[in-house]
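Scroll down for the structure; my scribbles are underneath it.
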């Protein structure tokens, strides 16, 4: 009987210790969500002539168009990078890499957002060679050839920067890297929507970047687990 009592006491103490180490649950962070739209008449995107690269041209039933301004229903703007530009600390990069694909002689996605020092993998899914050329100004500029069937290229950028990307072989290929200091970012969807979750209490500056229309900022204060609404409206440029 005494042996059983010792075991019971030991189990009870172990349970108490486990509860004390677990501690109270952390409250959920707040979030910022909203929509990016435009007013006015945006420039009409031009069809891309890929006749000089038949292996890519045959992948489309109708010619794809340029993507400097991607619009959706209700005057929405896609491919806008929305991020916390002030108020959040810098963060170490995640262990997983991001992928920039060259497929059909286009960059997929057109706008790729990731963190400083996060691994970037560049993939060539085409039957032709590409020369990927990020036109960095703050980071080191590089230009690398990638023949078909070769392994992904691996690179990192140490400094925050918005970097236009081009292919020296196919002049119509254009994309963008958004290299950011923390994980609080999103790229607006086709309907213009975005969400920045898991924000601790504090005051933040939210910035929206569009490659043709520039940037806009708004300040927002998160005091708990609430969701704040922030919308951006860009003035479209017809030409």
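Can you pull out every residue in the stretch 6-40 that is loosely packed, with under 13 Cβ neighbours inside 10 Å and at pLDDT 95 or above? 39, 40 - these are the residues of the stretch 6-40 that are loosely packed, with under 13 Cβ neighbours inside 10 Å and at pLDDT 95 or above.
No other residue among 120, 112 is over 28 Å from residue 235 (Cα atoms) and crowded, with 19+ Cβ neighbours inside 10 Å apart from 120.
Number of residues in the stretch 199-225 that are outside any strand (DSSP E or B) and surrounded by 14 or more Cβ atoms within 10 Å (Cβ to Cβ): the value is 3.
Residue selection: residue 127 satisfies the criterion of being farther than 27 Å from residue 191 by Cβ, surrounded by fewer than 16 Cβ atoms within 10 Å (Cβ to Cβ), touching a helix residue (DSSP H, G or I) at 6+ places or on another chain (Cβ under 8 Å) and modelled with pLDDT of 95 or more. Screening residue 163 on (1) crowded, with 18+ Cβ neighbours inside 10 Å; (2) without any contact (Cβ under 8 Å) to a residue 40 or more places away in the chain; (3) over 16 Å from the mean Cα position of the chain (by Cα) shows it passes everything except condition (3).
Highlighted here are the strands (runs of 3 or more DSSP E) found entirely within the stretch 124-163 that include at least 2 residues which are in contact with a strand residue (DSSP E or B) (Cβ under 7 Å, 6 or more places away or on another chain) and within 15 Å of residue 103 (Cβ to Cβ): 130-134. Within the stretch 86-116, being within 16 Å of the chain's Cα centre (by Cα), in a loop (DSSP other than H, G, I, E, B) and either within 17 Å of residue 149 (Cα to Cα) or free of Cβ contacts under 8 Å to residues at least 24 places away in the same chain (or both) holds for 95, 96.
The values are calculated or read from the model by the stated rules, or taken from the named source; none is laboratory data. If you're wondering where the values come from, they're calculated on a predicted model, not measured in any experiment. Cβ: placed from backbone, ideal geometry, glycine included. Neighbour counts: every protein chain shown.
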